[in-house]
1. Taking the range 14-27 only, how many residues are more than 16 Å from ligand 2 (Cβ to nearest atom) and not hydroxyl-bearing (Ser, Thr, Tyr)?
2. Condition first: farther than 27 Å from Gln73 by Cα, of a type outside the set (S, T, N, Q) and exposed (fewer than 12 other Cβ atoms within 10 Å of the Cβ). Now tell me which residues in the range 93-117 satisfy that.
3. When the residues of the range 12-36 are narrowed to those that are out of contact with any Pro (no Cβ under 8 Å at 6 or more places or on another chain) and acidic (Asp, Glu), which ends up nearest to ligand 1 (Cβ to nearest atom)?
4. Mind checking which residues of the range 15-48 are surrounded by 17 or more Cβ atoms within 10 Å (Cβ to Cβ) and either acidic (Asp, Glu) or within 24 Å of Ala3 (Cα to Cα) (or both)?
5. Residues to consider are Glu12, Glu5; find the one that is among the acidic types (Asp, Glu), assigned to a loop (DSSP other than H, G, I, E, B) and within 21 Å of Gly55 (Cβ to Cβ).
6. So which of Arg110, Arg64 is within 19 Å of the chain's Cα centre (by Cα), under 30 Å from Glu11 (Cα atoms) and at pLDDT 90 or above?
7. Every residue in the range 37-90 that is out of contact with any helix residue (DSSP H, G or I) (no Cβ under 7 Å at 6 or more places or on another chain), more than 13 Å from ligand 2 (Cβ to nearest atom) and among the small types (Gly, Ala, Ser), please.
Amino acid sequence: MNAAEPLLQVEELTAGYGELQVLNGVSLTVERGEFVTVIGANGAGKSTLLRAIMGLIPARGRIRWQGADLLAQPPYRRAALDIAYVPEGRRVFPSLSVEENLVVGLQATRRDPATAIEEVYALFPRLRERRRQSGDALWRGTADARDGPRDGARPAAAGG
Ligand SMILES: Nc1ncnc2c1ncn2[C@@H]1O[C@H](COP(=O)(O)OP(=O)(O)O)[C@@H](O)[C@H]1O
Ligand SMILES: [Mg+2]
């Protein structure tokens, strides 16, 4: 890897599901310190692009991380390079505590878990309050903020 290279470079990426080709030659570059946002209609292929970058679906083209070829690397190796994919929906482990869910998510990285978790709590203070609650408090917490008592959360539970 070479720090002078872009952090992430995607070139002519092609991917899909069986017969369905969703990505038809997608190219983008993310420089160090830069945020890149992908916008598009529902079903346009945003999640498919992220899955392909994470290695969760097969893809053709080129994906480079600081110049190193990622395309042949399995997802756990990409995760070890600090590439992360946050799936939509409520993909938490309900039988683990909120904090244990965060620790699980950090397993593949080289980061010090205590430092990384402090950063998460600084960003999302309510997670610290709920750290010993079961994992489903994670999505209940965000459902409170986003949707109030809708989104399946009972008002009595949403207060917790
Ligand atoms: N697991 C899957 N199997 C088959 N087709 C899928 C699958 N996931 C998504 N698709 C299809 O791929 C296309 C892109 O979907 P997706 O990447 O989820 O779009 P977006 O995230 O932009 O809303 C859609 O036509 C969708 O129906
Ligand atoms: Mg999506």
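The values are calculated or read from the model by the stated rules, or taken from the named source; none is laboratory data. Predicted, not measured: the structure shown is a model, and the values here were computed from it. Positions of Cβ are generated from backbone atoms using ideal geometry, with glycine treated the same way; all protein chains shown enter the neighbour counts.
1. Keep residues of the range 14-27 that are more than 16 Å from ligand 2 (Cβ to nearest atom), which gives 14, 18-19, 21, 24-25, 27.
With the extra rule that they be not hydroxyl-bearing (Ser, Thr, Tyr), the set shrinks to 18-19, 21, 24-25.
So the count comes out to 5.
2. Ala114
3. Per the criteria, the residue is Glu19.
4. Within the range 15-48, Val26 is the sole residue that qualifies.
5. On the way: Glu12 fails: assigned to a loop (DSSP other than H, G, I, E, B).
Just one listed residue meets the conditions, Glu5.
6. Only one candidate passes the filter, namely Arg64.
7. Gly61, Gly67, Ala68, Ala72, Ala79, Ala80, Ala84
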